[in-house]
Amino acid sequence: MGKSTVAAMFADAGIPVFDADAAVHRLQGPGGRVVAAIEAAFPGTTGAQGVDRTALAEAVLGNAAAMKLLEAIVHPAVGEERAAFLRDHADAALIVFDVPLLFETGGDRAVDQVAVVSAAADVQRPRVLQRPGMTERKLDAILARQLPDAEKRALADFVIPTDIPLDQTGAAVAQVIACLSAPTDS
């Protein structure tokens, strides 16, 4: 959808951004603190470089019980990273959480406002399939776990389009910042 691009726009505007995917990569990388637990649960999915994401995806995609076990290992560690991020940025007027599956995991209840980054399906699919290691099967499994984009848009406080020129996406980000930074009546 363009979440990383939009998150970078917020960061460039001086807004602290917690990137949940980056936290997962750190936790699962070389020496990452969830690597041993993942190897114990899913033998053969890790090595010297940490988690082999392709092997792990093969082990869990389409298997609800395996996915639940993986989430039970990863989500608490990400939660601890998020809590540390909040402590480190306690004085910030605005903080952005770049989080996949926000609505699907109930994470929307832990934030004040939600901005959904959205692109039309005919733009989204080709973008995602360009990612290294992405396949049609893997993408379909990922999409099966997500709320449809139209439902996320309906639940959001803000929708930031990414299937438009980049400067227009940037203008949408600036509008969200301005709206959230505006003084409120008490």
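In table form, for the structure just shown:
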| item | result |
| --- | --- |
| Unmet requirement for R53, which otherwise passes all of (1) surrounded by 13 or more Cβ atoms within 10 Å (Cβ to Cβ); (2) of a type in the set (K, R); (3) within 30 Å of I177 (Cα to Cα) | (3) |
| Flag for R137 being of a type in the set (D, E, K, R) and closer than 28 Å to A174 by Cα | no |
| Criterion violated by V51 - all others in (1) among the aliphatic types (A, V, I, L, M); (2) at pLDDT below 95; (3) more than 21 Å from G107 (Cα to Cα) satisfied | (2) |
| Search result, residues across the stretch 66-93 that are acidic (D, E) and part of a helix (DSSP H, G or I) | E71, E80, E81, D88 |
| Elements of type helices (runs of 4 or more DSSP H) in the stretch 107-186, at least 2 residues being aliphatic (A, V, I, L, M), closer than 29 Å to A57 by Cα and outside the structural domain of A55 (by TED's automatic domain parsing) | 121-129, 136-144, 149-155 |
| Any chance P183 is of a type outside the set (S, T, Y) and over 20 Å from the mean Cα position of the chain (by Cα) | yes |
| Restricting the stretch 27-44 to residues that are touching a residue at least 24 places away in the same chain (Cβ under 8 Å) and surrounded by 15 or more Cβ atoms within 10 Å (Cβ to Cβ), the residue that is nearest to D98 (Cα to Cα) | L27 |
| The stretch 1-30, subset within 12 Å of the chain's Cα centre (by Cα) and among the acidic types (D, E), residue farthest from Q130 (Cα to Cα) | D19 |
| Which numbered condition G62 fails, given (1) under 20 Å from L143 (Cα atoms); (2) assigned to a helix (DSSP H, G or I) | (2) |
| First in the stretch 89-106 and more than 14 Å from Q146 (Cβ to Cβ) and of a type in the set (G, A, S), second anywhere and part of a loop (DSSP other than H, G, I, E, B) and modelled with pLDDT of 85 or more, Cβ under 6 Å, 6 or more apart | A92/P16 |
| Single residue of F10, F85, F18 found to be closer than 30 Å to L180 by Cα and touching a Pro at 6+ places or on another chain (Cβ under 8 Å) | F85 |
| Output for the stretch 45-54, where each listed residue is touching a residue at least 12 places away in the same chain (Cβ under 8 Å), outside any strand (DSSP E or B) and out of contact with any Leu (no Cβ under 8 Å at 6 or more places or on another chain) | A48, Q49, R53, T54 |
| Condition broken by T135, with the remaining ones in (1) touching a residue at least 12 places away in the same chain (Cβ under 8 Å); (2) within 22 Å of M67 (Cα to Cα); (3) among the hydroxyl-bearing types (S, T, Y) satisfied | (1) |
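The values are calculated or read from the model by the stated rules, or taken from the named source; none is laboratory data. From a predicted model like this one, the values you see are computed outputs, not experimental measurements. Quick reminder, even Gly has a Cβ in these numbers, built from the backbone with ideal geometry, and neighbours come from all protein chains shown.
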